[in-house]
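Here the structure comes first, spelled out in structure tokens, and everything after it is commentary.
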Amino acid sequence: MKKKAVIAATLLLVLSMLLSACAPATAVTLPKEAQKLSEVVPRMGEHWAIPKGLPLGPLYLVHQGKVIGMEYMYTQEMLKETPVPPPAQEELGPVIRELDPLPVGATINHMTVSFNPQGHAGFTVPHYDAHLYFITPEERNKVIPAGPPPK
């Protein structure tokens, strides 16, 4: 059952990627009410969020003032099948969690999904992180904190 839920979540994210690829690319704007949560995390950027969306997201990944991606978090409990009232259930099957709509014009280049068995700062329970990136993996590799390299 858990494996089916993970597969379903992955398929939904892939579908959103395919649909967003059809839209023209435009710059994604950070919402006015978003607050900075962290400095630059290598390959992710600064983390920003609207407080009412914490801890699950969306979190906005920002580098040099540009939104480069969005992050959503899922607990293991959330990945269990969730009943959906008919008729949607007949059409879609079980819904794990509906994502907030992506900003208009957002084009997802790639995504990553990782499991954090110990959690991390800001969300200390075991959970999955789903990162949707609007930049290429090569551009992501250049996202590093400013300043001199560590010694």
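We did not get these values from a lab; they are worked out from the coordinates using the rules stated. This structure is a prediction, so every number in the text was calculated from the model and none was measured. Please note: Cβ atoms are built from the backbone with ideal geometry, for glycine as well, and neighbour counts cover all protein chains shown.
Amide H of Thr107 versus every other amide H placed in the peptide plane: which residues, excluding those fewer than 5 positions away on the same chain, fall under 5 Å? Residues meeting the amide H criterion: Thr26.
Of the residues Val104, Val62, Val113, the one with the fewest other Cβ atoms within 10 Å heads the list, and the complete ranking is Val104, Val113, Val62. Close amide H pairs (under 5 Å, H built 1.01 Å from N) link Val143 with Arg43, residues at least 5 positions away or on another chain.
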